[in-house]
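Everything on this sheet refers to the single structure shown next.
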């Protein structure tokens, strides 16, 4: 798989009758190794190893309802009180990060009201928060540590 702009992490990858699969430590199962999943698994390791996020507070690839439509988020990081600390939108490396992607995470965040948002295609990473007082997004150079 393509080298991404994250640290190098060790993954369990296997070939099966379903094709190449990668073990997801959050979902605790092997999932199809697509380009987007490759990015998602790097994000999960980045959050656990670099940002000190507790594994038990992470959720990956879950369905939710937004305005009556079924959607799927990539990664959510909760707090001990159940509120959402971070929402992450992952794209495959060949997908450019454009306004459409930011609009998507902004829509999703209307549901989750996360403190931080991250958008990445594995090559480029963008971090932001929403300034409610001035009603605008504020881009950050990085995420803070995300532990309790």
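Any read-out appearing in this document is the output of simple, stated calculations on the displayed coordinates, not a laboratory observation. Everything quoted here is computed from the prediction, not taken from an experiment. Cβ atoms come from the backbone with ideal geometry, glycine included; neighbour counts cover every protein chain shown.
Below are the figures for this structure:
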quantity: With Cα atoms, 0 to 90° folded angle of helix 35-45 axis to the chain main axis; calculated: 70
quantity: Cα-based helix-to-principal-axis angle, 99-112 vs the chain, degrees rounded to 10; calculated: 80
quantity: Stretch gain in nm, segment residue 97-residue 59, where the contour uses 0.36 nm per residue and the Cα spacing is subtracted; calculated: 11.4 nm
quantity: FRET efficiency, 1/(1 + (r/R0)^6) with R0 35 Å, evaluated for residue 30 and residue 111 via beta carbons; calculated: 0.75
quantity: Kirkwood Rh in Å, taken over segment 71-148 so that all alpha-carbon pairs contribute; calculated: 12.9
quantity: Rg and Dmax [Cα atoms of the chain; Å; Rg one decimal, Dmax integer]; calculated: 15.1, 53
quantity: Simple spin-label estimate for residue 137 and residue 8 in nanometres, 7 Å along Cα-Cβ; calculated: 3.3
quantity: Packing-based ranking, highest mean first, of 58-71, 100-113, 41-54 given that Cβ atoms within 10 Å are counted; calculated: 41-54, 100-113, 58-71
quantity: The chain - mean residue ellipticity at 222 nm from DSSP helices (-39,500 (n - 2.57) per run, n ≥ 4, rounded to 500); calculated: -5500 deg cm²/dmol
quantity: Efficiency of FRET between residue 104 and residue 50 - r from beta-carbon atoms, R0 22 angstrom, step 0.05; calculated: 0.35
quantity: DSSP beta bridges in the chain [antiparallel fraction, %, rounded to 5]; calculated: 85
quantity: Packing-based order for 73-80, 132-139, using average beta carbon neighbours within 10 Å, highest first; calculated: 73-80, 132-139
quantity: Spin-label pair residue 70/residue 124, simplified geometry with 7 Å Cα→Cβ offset, distance in nm; calculated: 3.2
